[in-house]
Amino acid sequence: MSDPARVHATRCLVAAGLCLGLATPLAAQEPPAQLPRLDVDRDGASVLGVSSGGYMATQLAVAWPERFAGLGVVAAGPWACARGSLGLALGQCMTTRRGMPDPAELQNRYREYRRRDLVGDPEALAELQVFVWHGGEDDTVAPSLGHALAEQFRDWLAAPDDQLMFMESEEAGHGWPLATRASTPLDALADCRGGGGTHLLACDLDIAGEMLGWLHGDLVPPEPGNPRGELVSFDQSDFDARGLGDTGYLFVPADCEDGGCKLTVALHGCAMDVEQIDEAFVRHSGLNEWAATNRRVVLYPQAETSLPNPQGCWDWWGFAESTWQLNPLHDSRQGSQMGALMAMIERLQQSPDDQ
């Protein structure tokens, strides 16, 4: 059993007295290689995320809008919601017991960041394609926060009626909805309404296809069976930042090894990294199937669990920055995790000849 699988099994046995096995791990015999230089196209990239990954995806898109064509967010709230405060993250950006985030206050933060060149050009931000989904029964991140994110982008986008898609599934809980396939193992699925487990919700909704179709136009449907391509692990130590795991994952379609393909970055949510759910998200989100037939490389960076971050979340409230910072810049171009993720993207966009 691989170390992540062993940790997962131990936690399940301790917490619940039983645990179902997840997808067979990637071959663990060999240490992961460096993230390759694949000469992926610098145009047409998208960044997607669920839960904390949704918050992080939005941070990336606002910080570097000129580097992305599309943003997809599942089960998360507005940009800069936490403003460096764990109390706000818990009480206003997950639950709303401290009230809804103030749009004017968030906009003031954006203006200040813009003045300090900590986010990108508003004109580039205004050109993004944006897709937002939320479950109506989400009891982890309140559905009203998904609406708040959509309204925030409605104010930022040049033509929101054409650029913004907001979708809410009334009977879905917290997680990433998917339409199951014959190859999807039952133990990789969670209940659509209840969530939990892998947070891959068996909702009969192919959110990967819905999202990528909105962000990138008409796509070739997936082929039956396993996607043609290779899912590989890579060493994340080249991109060291507090809160990153040792190993990330990359799906490379069969015809993308020679360059020229597009890139999609997919960020898992809290409790969805490989340490906790093995490879359920990187294998069964549905993204690889769509990527294989549309020449898109999919990057799956991985966060890790720690004392300040026990659920393995991405840094959307400031835990990864210096402990002495009263106002951490985690949601700006100076954020340490943000810089590491952008360095991964840059590596993939380089030619093999650049080594």
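Rule-based calculations on the coordinates, nothing more; no lab input. These numbers come from a predicted model, not from an experiment. A quick note on method: Cβ atoms are made from the backbone with ideal geometry, for glycine too, and the neighbour counts reach across all protein chains shown.
Rounded to the nearest 500, the helix-only mean residue ellipticity at 222 nm of the chain stands at -8500 deg cm²/dmol, with each DSSP H run of n ≥ 4 adding -39,500 (n - 2.57).
Net charge within 12 Å of residue 147 by Cβ-Cβ distance, Lys/Arg positive one each and Asp/Glu negative one each, not counting residue 147 itself?
Values: positive: 154; negative: 138, 151, 168.
For residues surrounding residue 147, the net value is -2.
In a reduced charge model with +1 at each Lys and Arg Cβ and -1 at each Asp and Glu Cβ, region 254-355 shows a dipole moment near 300 debye about its Cα centre. Annotation: the antiparallel percentage among DSSP beta bridges lying fully within the chain is about 30.
FRET efficiency for the pair residue 100 and residue 353, taken as 1/(1 + (r/R0)^6) with r the Cβ-Cβ distance and R0 = 41 Å, rounds to 0.20. Given their separation in residues at 0.36 nm each and the Cα-Cα distance between them, residue 170 and residue 144 gain 8.1 nm when the chain is fully extended.
The distance linking region 185-238 with region 260-339 is 15 Å (Cα centroid to Cα centroid, whole angstrom).
Close amide H contacts of residue 268 (hydrogens built in the peptide plane, cut-off under 5 Å, sequence separation of 5 or more or a different chain): none are found.
Each label point was placed 7 Å from the Cα along the Cα-to-Cβ direction; for residue 295 and residue 124 their separation is 2.4 nm.
For region 198-278, dividing the convex hull volume of the Cα atoms by the residue count gives 147 Å³ per residue.
Each of 247, 58 was scored by other Cβ atoms within 10 Å of its Cβ. Arranged with the fewest first, they read 247, 58.
Taking neighbour counts of Cβ atoms within 10 Å as a proxy for exposure, in what order, fewest first, do 95, 293 appear? Final ranking by Cβ density, sparse to dense: 95, 293. In order along region 342-353, the Karplus-derived 3J(HN,Hα) couplings, from 6.51 cos²θ - 1.76 cosθ + 1.60 at θ = phi - 60°, round to 5, 5, 4, 4, 4, 4, 5, 7, 7, 7, x, 6 Hz, and Gly and Pro are given as x. The loop-placed chymotrypsin sites (Phe, Trp or Tyr not before Pro) in region 295-355, going by DSSP, that have at most 16 neighbouring Cβ atoms within 10 Å of their Cβ come out as 324.
Extension gain for the segment residue 246 to residue 114, taken as residue separation times 0.36 nm less the Cα-Cα distance, is 44.2 nm to one decimal. Of the residues 331, 43, the one with the fewest other Cβ atoms within 10 Å heads the list, and the complete ranking is 43, 331.
With the simple model of a label 7 Å out from the Cα in the direction of the Cβ, residue 90 to residue 223 spans 5.0 nm.
Short to long, the 10 Å bins of the Cα pair-distance histogram for region 37-354 hold 6, 30, 39, 22, 3, 0 percent of all pairs. Between amide H atoms placed 1.01 Å from N, distances below 5 Å from residue 167 occur with 132, 133, 134, all of them 5 or more places distant or on a separate chain. If R0 equals 22 Å, the separation of the Cβ atoms of residue 322 and residue 343 corresponds to a calculated FRET efficiency of about 0.70.
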